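Since the structure comes first, as structure tokens, the remarks are kept for the end.
Readers should treat all values here as calculations from the given coordinates under stated rules, not as data from a laboratory. Everything numeric here is computed off the predicted structure, so don't read it as measured data. Here Cβ is always computed from backbone atoms with ideal geometry, including for glycine, and neighbour counts include all displayed protein chains.
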Amino acid sequence: MKICILGCGAYGIALSLMFNENNNNIIMWTKFKEEKDDINKKRENDKVLKGVKIPDNIIITDDMKEAVKEANLIVIAVPAGAVDDVAMELKNYYKKRQHICIASKGIEQESCHFVENVVSKYIKTNKLAVISGGSFAIDIVRKVPIGLSLATKNKSTEKILKSTLQNKYLKLRTTNDILGVEVCGSIKNVIAIASGMLHGLGYPESTQCMFITESLHDIKNLIKTLGGSKKTILSFAGFGDLLLTCTSYKSRNFTLGRMIGEKKDKKEIQEYMDNTTIEGLYTLKSIYKLIKNKNVDMPIIDLIYDIIYKDVDPNELATFLINKK
């Protein structure tokens with residue numbers, strides 16, 4: 001199977017290695033010529049996955065037309081904020097026979113659209129899927145057991161993804177609830193920032209457990225309000241990803257929150273934010289705007305927003321948990 005992966009970041013590379021494990025023909029695209037040249041020279045992207053070698057049979061290009069033209073499956077694995085530009089360019093080369101898999105997570109800030117909606121704005125197809133779940137890129141490349149939710153309403157797309165990506169290391173559990181999977185995959189990064197704050201403030205695992213449990217209920221209600229299935233909260237994309245992202249030092253969102261909770265120097269925090277892709281920050285603005293537009297009551301998001309952007313004391317999180325209805 002011929003597979004094109006749009007994005008040469010950590011997650012795109014990790015997925016490419018899983019597809020390669022299943023003997024697919026892979027081409028990866030980046031919009032940055034410097035990144036393409038550097039990866040081709042070193043056979044690794046040492047800025048995001050230092051020491052992880054990309055096999056020589058995986059082609060790296062900065063020409064999207066070349067990347068897409070022969071692909072059976074196109075995987076979108078760029079940051080949420082870049083999806084609009086990528087989808088806009090992709091529509092020039094996409095063919096109706098091709099299947100699309102979205103691995104990006106987040107909500108567009110201006111429109112408050114989830115990634116699937118952004119892609120569908122430019123490309124009209126029912127051959128579309130979303131994958132999401134508790135999985136750090138470094139763990140995928142280490143070939144440990146990983147579970148992902150595969151959300152699609154197209155049986156042919158499901159079959160292709162299972163045959164090309166699922167193997168003895170990676171399990172795909174299917175659902176038709178694309179919206180629910182996208183809600184979970186987006187909001188967990190925001191919740192992880194707050195979980196990191198609690199850790200940085202010195203609160204123990206018992207308090208984090210309370211926080212994660214309360215967050216699960218709120219996310220479940222948000223999924224239902226937006227028209228998804230409540231049971232998706234119990235999937236790899238839901239509880240699985242939330243648990244991982246809210247408790248691990250590998251999580252950039254959790255790490256940012258921990259730095260805030262520890263009251264690190266503002267210059268140090270800003271430097272980390274400037275040099276690290278922290279999807280939760282991008283999504284925080286989007287989800288905050290979304291719940292206001294939809295008149296959804298989600299005070300945990302209001303509080304995280306106020307801590308990040310209005311200098312509210314992070315200790316308010318503990319007070320909030322006790323007072324929350």
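Couple of notes before you dig in:
- Listed peptides 163-171, 38-46 by packing density, highest first (mean Cβ within 10 Å): 163-171, 38-46
- Across every pair of non-identical alpha carbons in segment 23-182, the mean reciprocal distance, once inverted, gives a Kirkwood radius of 16.5 Å.
- Cβ-Cβ distance of K168 and D306, R₀ of 56 Å, FRET efficiency by 1/(1 + (r/R0)^6): the value works out to about 0.75.
- The length gained on full extension between R97 and N117, counted as 0.36 nm times the residue separation minus their Cα-Cα distance, comes to 5.2 nm.
- Helix 266-275 axis, angle to the chain major axis (alpha carbon atoms, nearest 10°): 20
- FRET efficiency estimate (nearest 0.05) - Cβ-Cβ, D62 to I269, R0 30 angstrom: 0.35
- Segment 281-305 versus segment 45-81: alpha-carbon centroid distance in Å: 33
- Built amide H within the under 5 Å cut-off of I60, gap 5+: M28
- Calculated diffusion of segment 265-318, Stokes-Einstein form, Kirkwood radius summed over Cα pairs, 10 °C and 1.306 mPa s, µm²/s: 129
- Averaging Cα coordinates gives a centre for segment 16-42 and one for segment 187-240; these two points are 33 Å apart.
- Amide H contacts of E44: I54, each under 5 Å away and 5 or more positions distant or on a separate chain (H built 1.01 Å from N in the peptide plane; Pro and chain starts excluded).
- Where Rh is the Kirkwood radius over Cα pairs, Rg/Rh for segment 105-185: 0.99
- Principal axis dimensions, largest first and in whole angstrom, of segment 135-273 by Cα: 52, 37, 27
- For I100, distant residues with modelled amide H under 5 Å away: I74, L128, A129
- DSSP-defined beta bridges in the chain - what % are antiparallel, rounded to 5: 15
- Summarising the label geometry, the points placed 7 Å from Cα in the beta-carbon direction at I138 and E35 lie 2.0 nm from one another.
- Of all the options G51, G238, G81, the one that moves most in a Gaussian network model of the chain with Cα springs shorter than 10 angstrom is G51.
- Each residue of segment 85-101 was assigned a 3J(HN,Hα) from its phi angle through the Karplus expression (A = 6.51, B = -1.76, C = 1.60, θ = phi - 60°), giving 5, 5, 5, 4, 6, 4, 4, 6, 10, 5, 10, 4, 6, 7, 9, 10, 10 Hz with x at Gly and Pro.
- Working note: Karplus 6.51/-1.76/1.60 with θ = phi - 60° gives segment 194-201 the couplings 5, 4, x, 4, 4, 5, x, 6 Hz, where Gly and Pro are set to x.
- For segment 31-134, share of DSSP beta bridges that run antiparallel, in % to the nearest 5: 10
- Principal-axis tilt of helix 299-310 within the chain, Cα atoms, nearest 10 degrees: 90
- Computed from the Cβ-Cβ distance with R0 of 22 Å, the FRET efficiency linking K292 to N315 stands at 0.30.
- Principal-axis tilt of helix 252-261 within the chain, Cα atoms, nearest 10 degrees: 20
- Residue-by-residue Karplus 3J(HN,Hα) for segment 222-237, coefficients 6.51, -1.76, 1.60, Hz, glycine and proline x: 5, 4, 4, 4, 7, x, x, 9, 4, 5, 4, 4, 8, 8, 4, 6
- Ratio of Rg to Rh over the chain (Cα coordinates, Kirkwood Rh, two decimals): 0.96
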